[in-house]
Amino acid sequence: MQGKIILAESGGTKTDWWVYHDGVVVAKYLTGSFHPAHLEGKDVADVLQLIPELDDSTAQLKIYSAGCFREENKQILRDKLSAVRANVEVKSDIDAAIEATGYESGWVAILGTGSVLIHFDKSNVQLYGGLGWETGDEGSGFYFGK
């Protein structure tokens, strides 16, 4: 990783931010969730000003968020972030889980506020669960908390 990269991982309750400079973590931040379902009426500029490195227009911003598996939800988040900052890459937390394995096929689970089991190969991604707390969401933090 060369240059400055701002990487965010957003779940159902919080977003973890890491600022890398030439591959070294130089800062970490914690904010509320950027899940597209939680953005209605939210001014993301107020949250983003808490991260001073975002003022650096040369820094890449990559965010992996829960709720962004469908393209229309990615676009909701991209639109909110792009109103404050140009050049934003938005991906799903599912993409992050798959990329983190380093494999071309296999299984991975996300067990956070929500939960989902993912089977993936070169051309297909299948989700099991991940339908939200109303339908059970067994294995999630919400499920065990209730």
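The values are calculated or read from the model by the stated rules, or taken from the named source; none is laboratory data. No experiment lies behind these values; they were computed from the predicted model shown. A quick note on method: Cβ atoms are made from the backbone with ideal geometry, for glycine too, and the neighbour counts reach across all protein chains shown. Just so you know, the surface numbers come from the protein's heavy atoms only, side chains and all, with ligands and any DNA or RNA stripped out. Shrake-Rupley method; radii C 1.70, N 1.55, O 1.52, S 1.80 Å.
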Exercise for the section: Provide the percentage of antiparallel DSSP beta bridges, counting only those with both residues in the chain; round to the nearest 5. Expected result: 70 percent
Practice task
Could you do me a favour and compute the accessible area per residue for the chain, 1.4 Å probe, result in Å²?
Solution key: 58 Å²
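When the accessible area of the range 45-118 is split by element with a 1.4 Å probe, what percent falls to carbon and sulfur? Write out the running numbers ahead of the final one.
Working: 2100 of 4000 Å².
Roughly 52 percent of what the probe reaches on the range 45-118 is carbon or sulfur.
From largest to smallest, what semi-axes in whole angstrom does the chain give when each is the square root of 5 times an eigenvalue of its alpha carbon gyration tensor?
On the way: eigenvalues 133, 70, 39 Å².
Equivalent-ellipsoid dimensions as semi-axes: 26, 19, 14 Å.
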Fill in the blank from the handout: Mean Cβ-within-10 Å packing, highest first, puts peptides 76-88, 93-105, 21-33 in the order 76-88, 93-105, 21-33
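Which pairs break 19 Å Cα to Cα here: K4/K80; K62/K122; K14/K62; K42/K74; K4/K74? Walk me through the intermediate numbers first.
Values: K4/K80 22 Å; K62/K122 22 Å; K14/K62 16 Å; K42/K74 16 Å; K4/K74 23 Å.
Among K4/K80; K62/K122; K14/K62; K42/K74; K4/K74, the Cα-Cα distance tops 19 Å for K4/K80; K62/K122; K4/K74.
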